[in-house]
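Computed from the coordinates by the stated procedures, all read-outs in this text should not be read as laboratory data. What you see is a predicted model, and the numbers here were worked out from it, not measured in a lab. As a convention, Cβ positions derive from the backbone with ideal geometry for all residues, glycine included, and neighbour counts pool all protein chains shown.
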Amino acid sequence: MSTELKKALFNISALADLGQAITSENAFHEKIQSVFYVITGTFLANRGAILSYDKSAKKLNTLLQKGFDSADLDRVQPDELMSLGKNEPCLIGTDPVLAVSGAEILVPLWVRDEFIGALLLSGKLTVGPYTLEDLELLNVIANQIAIALNNHSLFMDLAEKLEENRRLYEEMRHIYHGTLQAFAAAIDAKDAYTQNHSHRVAKYSAAIARELGWSEHDVEGIYVAGYLHDVGKLAISNDLLNKVTPFTPEERAEIRKHSTTSHNITSKIKFPWKSVEDMVWHHHERLDGRGYPDKLANESLSDGVRILSLADSFDAMTSQRPYRKKMDVPAAIAELKKCLESQFDNKIMLVFCKVLDKEIKGELPEPDILPHLDKTSDLSVISALLGGIIVELSTPKSGV
Ligand SMILES: [Fe+2]
Ligand SMILES: [Fe+2]
């Protein structure tokens, strides 16, 4: 076969394949393997190997091989190869150092000034030595393989860096959440009656937002808002927060400042989520405009605010407070329903009922609300109640 024809064959069947972008470890191995078989086939060699150089370990690794004794390949020293011509095929003959590989022909692979590895061939099946044309062709091939190996190692370096970044990001998120939880614990510890309130509001809000179809990023945002919604209570005295007798109008006004203080604190933090500070600011607003601090109504209230407001109230109702006993779960759900349109949003209530009903029916792998509810609750009663509300809120009102 003429060198020209061989070149054409090689170019078509293998180099085109190698030239494509390497997008995965598997794709690289498939490509380099097909190139390897084309080389051994083109040169009718029954032994062949591609070695790749590991810069950090300063050693050669066998990427692919057939017919060689692996112990022989292990004896090839990278330093010996680096002293040879770049991508120049070298007939080994009786060279005492290179002969250890058991190869007849060896090509050190280079990309510019970077040593990449080596291509080895042996066991020529046809009569006669390698010709000058063979060596010329091998030089072309060596250049291509060196580039492919180099691209692969760059790709692997990049993949490794990305993995490292992902790991660091996860670690940072972990620390971030730990800090938030410590913050929330400090808030809740101020008020003996509301222990874990922030944690539960975060969980309930995230469950509703997820059921509503929010992205995981936005769900994380409302989860954080849930944790921090009462952070402003840190500025209120313990005596006032834990007062058993009814509040005076002045005391009530003092307590009501907490949502604005929460906003002032959270607006100083540059969150990766939008609207955290808006959600904490307005978690005591009502649809009818009778909430606080800004008496916002209807369209002025975002879905996030409506979710947080419902989750906060539901947890407040089902928790013991210094001035009143806690409600049981069906009574709290009935109370939320009674306050629809004046205080709470129909759509958010429907989603809340759906997600809690799914949790009770075991349809969600990781329930967020159910584990925090009173263990003595009769779940079949709650589920029946939720079912009724779901039907009612899903049915368009007559005349609308
Ligand atoms: Fe609050
Ligand atoms: Fe709260």
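Pairs with C-alpha atoms separated by more than 19 Å, drawn from the list Lys233/Lys347; Lys347/Lys397; Lys274/Lys354; Lys326/Lys358, are Lys233/Lys347; Lys274/Lys354; Lys326/Lys358. A cut-off under 15 angstrom between Cβ atoms defines the neighbours of Glu251, and their net charge, with Lys, Arg +1 and Asp, Glu -1, is +2. With a cut-off of 9 Å between beta carbons, the residues surrounding Pro89 carry a summed charge of -3, where Lys and Arg count +1 and Asp and Glu -1. Summing charges over neighbours of Leu364, with a neighbour being any other residue whose Cβ is under 12 Å away from its Cβ, gives -2 when K and R count +1 and D and E count -1. Computed over the chain, the per-residue total of -39500 (n - 2.57) for DSSP H runs of n ≥ 4 gives a 222 nm mean residue ellipticity of -16500 deg cm²/dmol, rounded to 500.
Applying 1/(1 + (r/R0)^6) with R0 = 35 Å to the Cβ-Cβ distance of Gln320 and Glu299, what FRET efficiency is obtained, to the nearest 0.05? After rounding to 0.05, the efficiency reads 0.50. In this simple spin-label model, placing a label point 7 Å from the Cα along the Cα-to-Cβ direction at both Lys270 and Ser394 gives a separation of 4.6 nm.
Loop-located trypsin sites (Lys or Arg not before Pro) in segment 161-204 (DSSP state other than H, G, I, E, B) with a sparse environment of at most 14 neighbouring Cβ atoms within 10 Å are absent.
So what is the relative contact order of the chain, in percent, for Cα pairs below 8 Å that sit 6 or more residues apart? The value is 10 percent.
Please give the Cα centre distance for segment 61-76 versus segment 209-234, rounded to the nearest Å. Taking the Cα centre of segment 209-234 as reference, the centre of segment 61-76 is 57 Å away.
In a fully extended conformation the segment linking Leu132 and Ser83 would gain 15.5 nm over its present Cα-Cα distance, using 0.36 nm per residue.
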